[in-house]
Amino acid sequence: MTPAADYFRGMSRPVAAPVVRIRPPKGWAPLDLRELAGAHELLYFLVLRNLKLRYKQTALGAAWALLQPLLTMAVFTVVFGRLARLDSEGLPYPVFALAALVPWTYFATALAQAGNSLVDQQQLLTKVYFPRLLLPLAAAIAGLVDLAIAFTLLLLALAWYGIAPSARLLAAPAFGLLAAASALAPGVWLAALNVRYRDVRHVIPFLVQIWLFVTPVAYSSGIVPERWRPLYGLNPMAGVVDGFRWMIAPSAPAVGPSLAVSVAAVAILLTAGLYFFRRMERSFADVV
Amino acid sequence: MSGHAVIRIEHLGKQYQIGHARGPRTLREDLVDLARAPLRRRNERGATDDGRFWALRDVSLEVQRGEVMGIIGGNGAGKSTLLKILSRIVAPTEGWATIEGRVGSLLEAGTGFHSELTGRENVYMSGAILGMRKAEIERKFDEIVAFADIGPFLDTPVKRYSSGMQVRLAFAVAAHLEPEVLIVDEVLAVGDAEFQRKCLGRMQDVSRGDGRTVLFVSHNMDAVQRLCARAVLLEHGRPIATGATTGVVAQYLARAEAPSSPGAWIDLSGVERTGTGLARVVRARYGSGLDAAAGQAYPDGPLTIGLTIEAATSCTIASLAVTLYDLQGTKLVNADTIASGRTLRLEPGEHQITLRIPELHLNPGVYLMGFWLAGRLAEVHDFIPAGFELEVVSRRAPGLGRAPADDGLVTCRLELLDAG
């Protein structure tokens, strides 16, 4: 080692420790995405915990991930397929319904769990610091495992009805992601509001119910008049459900413009939600 | 790097709105408030600080690298609020603070524990939420399990554990947390004495060995004195003394608002009583004789009681009893001289009596002491159900044993005779 290097080694300063600055909050704060990224291990454990707890002490366990869409499909097939004889875009009605119920079941569960995530784990809010956003995020991500399981059910249904899978199925992760964002966007709003107003807990089931009606789960989005389609696309789940049907049915309506509206709507709602969450999170431990 | 402030706190304050701080609001309440707001402003003009209070005010402090700083004070003094602000759980209302380095806080035992998960799963979950990296947990996993001493129950759900095992596992995780700055709230208050000693020893190692900075809140003055070179005393949210621990602790003990102070005569002439009045307890005093407890009663310690009894006529007292009630009115102790068979002959005038309870089997808390004087024919001369409040404080035991507040009223020894 040269003397010069020695000299510089002697001069080298210890690695700068991160400095935590604590001051009274003022107005809107920037999103600290770096901190969030740094907490990916904790997110992993929270997701894992969510998955492990989900079906603890249930007799059927993870089978519920299959049973929920399956049973709803059976009911829908009888009521909407047989009795009401709704149009099913050229698909057998059970497959038509299942293609929508797979993402919908995920969405409904993830939305409810994300919305209640902070209140359900309030003992963590008052006892330890971590990026609060991890809680609704973990709820939405954990549900994706159920979604993947349910998706294989959809593939089995395709095989059962002799429908050849197309290359469009490769788009599934993208639509799954859109479903996750669609659940998370209202989820973070509701989670933050829930801390202050427990009314939210009662609003969520109602909201999910209404949302089901404005989403083409039981019916085809083809019944919505053409000129209202872009507006209909403001419901991101309409885009997700249409996307799932588009993947399996060659004759399903194209998902162009309304899907773009869905993506934009989610992006705006989610971004605004993240800022709102960030503003609210400082007082979580005070008001929860 | 000595003399370098790792924690700097300047004029830190936290204000709460009473009623707002407690419990979640409903939307309806906020809407009603909103509707009423213009009216109220008119009605209450000039009424400042309506329903607000400062849980913490004007706290300025510097903690050097490697220093273990104790934070002491009575209930509601603002200790926990300070720790919560520094842990970034709540935001301050005014002032600022900076902390250099990774901060780990330990405000309860078993943060992140879930009763449905196994011991193994909980170690990972709790470790992660307390700020440990996955690799770090994996590296220390065996050490944590050995420290907790839970043996074959590692893969059993924690809900099947005894409470002692749960606490041990929770602390084992916490004890292996190694951030640069550690914030600890009253964690030594639970767990058995042996395990507490183990935790305390570990904390001592951690702070001495690696120059880690520790903020430590405790009601256990012995632990504070052992661990901390410096301490700060908070009262009503404000720091009233900072400096060498011994002096600050002495100041705290001197200021502690005891319901009645040991050693001093308590005038009982005004208290509620029944009886013939032929003999009456007019004054009382008590003390445990333990300076470390400032003469206060402590669990399993002795209690000496001095009484001044005033007799109106000559009479014989066959039963002289000391009673202790808890604040809910449950009679816990009725110690009666009748058991000894000794009687007390009183002539008119004042008499000094000294009684002694060799071992007071009560846990820390506030109790009501009363007296009972009865004659040979069981005629009651004087009955005072509630003479004064007696505080039993946590003792400075060599083992640092301090029972948790909810661990029952009465102390009881337990011996393990056969471990099969």
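Being more than 14 Å from chain B (Cβ to nearest Cβ), loosely packed, with under 14 Cβ neighbours inside 10 Å and hydrophobic (A, V, I, L, M, F, W, C), is that true of even one residue in segment A:80-88?
yes
Report yes if some residue within segment B:115-135 is under 29 Å from the mean Cα position of the chain (by Cα), surrounded by 20 or more Cβ atoms within 10 Å (Cβ to Cβ), more than 10 Å from chain A (Cβ to nearest Cβ) and among the aliphatic types (A, V, I, L, M); otherwise report no.
The answer is yes, given that some residue of segment B:115-135 is under 29 Å from the mean Cα position of the chain (by Cα), surrounded by 20 or more Cβ atoms within 10 Å (Cβ to Cβ), more than 10 Å from chain A (Cβ to nearest Cβ) and among the aliphatic types (A, V, I, L, M).
Looking only at segment B:295-328, how many residues end up being hydrophobic (A, V, I, L, M, F, W, C) and more than 20 Å from B:L368 (Cβ to Cβ)? Show your work before the answer.
At the first step, the residues of segment B:295-328 found to be hydrophobic (A, V, I, L, M, F, W, C) are B:297, B:303, B:305, B:307, B:309, B:311-312, B:315, B:317-318, B:320-322, B:324, B:327.
Those left that are additionally more than 20 Å from B:L368 (Cβ to Cβ): B:311-312, B:315, B:317-318.
The qualifying residues number 5.
May I ask you to verify whether B:G70 is touching a residue at least 40 places away in the same chain (Cβ under 8 Å) and more than 7 Å from chain A (Cβ to nearest Cβ)? First the steps, then the outcome.
Details: touching a residue at least 40 places away in the same chain (Cβ under 8 Å): yes; more than 7 Å from chain A (Cβ to nearest Cβ): yes.
For B:G70, the condition - touching a residue at least 40 places away in the same chain (Cβ under 8 Å) and more than 7 Å from chain A (Cβ to nearest Cβ) - is met.
Being small (G, A, S), more than 14 Å from chain A (Cβ to nearest Cβ) and under 21 Å from B:E138 (Cβ atoms) is the filter here; which residues of segment B:161-185 pass it? Spell out the reasoning first.
Of segment B:161-185, the ones small (G, A, S) are B:162-164, B:170, B:172, B:174-175.
Next, only the ones that are more than 14 Å from chain A (Cβ to nearest Cβ) stay: B:162-164, B:172, B:175.
Of everything in segment B:161-185, those that are small (G, A, S), more than 14 Å from chain A (Cβ to nearest Cβ) and under 21 Å from B:E138 (Cβ atoms) turn out to be B:A172, B:A175.
With the structure loaded, tell me whether B:E94 is buried (at least 18 other Cβ atoms within 10 Å of the Cβ) and facing chain A (nearest Cβ under 10 Å) or whether it fails that test.
It is false that B:E94 is buried (at least 18 other Cβ atoms within 10 Å of the Cβ) and facing chain A (nearest Cβ under 10 Å).
Just one of A:L137, A:L155, A:L144, A:L118 is of a type in the set (A, V, I, L, M, F, W, C) and within 14 Å of chain B (Cβ to nearest Cβ); which is it? Break it down stepwise before answering.
On the way: A:L137 fails: within 14 Å of chain B (Cβ to nearest Cβ); A:L155 fails: within 14 Å of chain B (Cβ to nearest Cβ); A:L144 fails: within 14 Å of chain B (Cβ to nearest Cβ).
Result: A:L118 is the single residue among A:L137, A:L155, A:L144, A:L118 that is of a type in the set (A, V, I, L, M, F, W, C) and within 14 Å of chain B (Cβ to nearest Cβ).
So, in segment B:329-365, how many residues would count as being among the small types (G, A, S) and either in contact with a helix residue (DSSP H, G or I) (Cβ under 6 Å, 6 or more places away or on another chain) or within 14 Å of B:L303 (Cα to Cα) (or both)?
Residues of segment B:329-365 that are among the small types (G, A, S), as a first pass: B:329, B:335, B:339-341, B:349, B:365.
The next check asks that each one be either in contact with a helix residue (DSSP H, G or I) (Cβ under 6 Å, 6 or more places away or on another chain) or within 14 Å of B:L303 (Cα to Cα) (or both); those that pass are B:335.
Adding up the residues that qualify gives 1.
Could you please find all residues in segment A:52-72 being surrounded by fewer than 18 Cβ atoms within 10 Å (Cβ to Cβ) and within 14 Å of chain B (Cβ to nearest Cβ)?
A:K52, A:L53, A:Y55, A:K56, A:Q57, A:T58, A:G61 - these are the residues of segment A:52-72 that are surrounded by fewer than 18 Cβ atoms within 10 Å (Cβ to Cβ) and within 14 Å of chain B (Cβ to nearest Cβ).
Quick check on B:E347: is it in contact (Cβ under 8 Å) with a residue 40 or more places away in the chain and out of contact with any Leu (no Cβ under 8 Å at 6 or more places or on another chain)?
On the way: in contact (Cβ under 8 Å) with a residue 40 or more places away in the chain: no; out of contact with any Leu (no Cβ under 8 Å at 6 or more places or on another chain): yes.
No: the conditions fail for B:E347.
Just checking, does segment B:300-311 include any residue being free of Cβ contacts under 8 Å to residues at least 12 places away in the same chain and surrounded by 12 or more Cβ atoms within 10 Å (Cβ to Cβ)?
Applying the first criterion (free of Cβ contacts under 8 Å to residues at least 12 places away in the same chain) to segment B:300-311 yields none.
No, there is no match, as no residue in segment B:300-311 is free of Cβ contacts under 8 Å to residues at least 12 places away in the same chain and surrounded by 12 or more Cβ atoms within 10 Å (Cβ to Cβ).
Any read-out appearing in this document is the output of simple, stated calculations on the displayed coordinates, not a laboratory observation. Everything quoted here is computed from the prediction, not taken from an experiment. Positions of Cβ are backbone-derived with ideal geometry, glycine not excepted, and every protein chain shown enters the neighbour counts.
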